[in-house]
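Trainee: Let me give you the structure first, and then I'll get to my questions.
The values are calculated or read from the model by the stated rules, or taken from the named source; none is laboratory data. Owing to the predicted nature of the structure, the values given are computational and were not obtained by experimental measurement. FYI the Cβ positions are ideal-geometry reconstructions off the backbone, even for glycines, and counts take in every protein chain you see. Heads up: the accessible areas ignore ligands, DNA and RNA and are worked out on the full protein's heavy atoms, side chains in. Shrake-Rupley method; radii C 1.70, N 1.55, O 1.52, S 1.80 Å.
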Amino acid sequence: MTIKSCAGASDKPSVAYKCLAIADMLRAKKSIGAIGRAPRRSAGTLSREISRNSHPRLGYQPYGAHRMAVAARARPKASKLAADGPLREYVKEMLLTCWSPEQISKTLIKEFPDDEQMRVSPETIYQALYIQARGGFRREVMEALRAERTLRKTHKSPEERRPVPERPTEVEDRP
């Protein structure tokens, strides 16, 4: 049986089943390590999951765990770059000077080491440009992108990629 911790729960009934499977294994007096081996989760992760969602007298509450997991992952979450402010202005200024999102992210940490509000991941910057961007911010900054792409380049998933030994021989002959 393959189960996952409720930590990645969605609204689907199959995920509630995974919470129930944890509860069933606890009732069967299985160790946390044994429960963790089925979904390939660490004992520490499952231990936190169980302690977070347990009642002092009633024990692990699978339905409550499922509800809490669904509520915790509620999206869409407001982007740090959605609101006007010093972070957005800094990122915009650096993008207009042809800096990459990776360079901006690392520079923010160096220039504002004590200010947690002035931190942003490269992925957040890319999302602000390609996914969440509307209107002025996108128009101004898209002109400054190095790749000059208005849409993100899609990549094959690891399952779709061909392993190196299985590639055609003509690949070897390329200059």
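Trainee: Looking at (1) surrounded by 16 or more Cβ atoms within 10 Å (Cβ to Cβ); (2) aromatic (F, W, Y); (3) modelled with pLDDT under 80, which is the one condition that is false for Y60?
Mentor: Unmet condition: (3).
Trainee: Further question on the same structure: In the stretch 38-57, how many residues are at pLDDT 80 or above and either aromatic (F, W, Y) or surrounded by 12 or more Cβ atoms within 10 Å (Cβ to Cβ) (or both)?
Mentor: So the answer is 11.
Trainee: A further question follows. Take the residues in the stretch 91-126 that are of a type in the set (V, I, T) and farther than 15 Å from L81 by Cβ, then tell me which one is farthest from the chain's Cα centre (by Cα).
Mentor: Looking at residues that are of a type in the set (V, I, T) and farther than 15 Å from L81 by Cβ, I get T97.
Trainee: Separate question: Only one of (1) touching a residue at least 12 places away in the same chain (Cβ under 8 Å); (2) part of a helix (DSSP H, G or I) fails for R41. Which number is that?
Mentor: Every condition holds for R41 apart from (2).
Trainee: Say we look at the stretch 92-118 and pick out the residues that are in contact (Cβ under 8 Å) with a residue 12 or more places away in the chain and touching a Lys or Arg at 6+ places or on another chain (Cβ under 9 Å); which of these is farthest from T154 (Cα to Cα)?
Mentor: Q117
Trainee: Something else now. Please give the helices (runs of 4 or more DSSP H) falling wholly within the stretch 74-175 in which 2 or more residues are open to solvent by less than 40 Å² (accessible area, probe 1.4 Å) and at pLDDT 80 or above.
Mentor: Filter on the stretch 74-175 gives 86-96, 101-111, 122-130.
Trainee: Do the conditions hold for G33, that is, is it over 24 Å from the mean Cα position of the chain (by Cα), not in a loop (DSSP other than H, G, I, E, B) and not aromatic (F, W, Y)?
Mentor: The answer is yes for G33.
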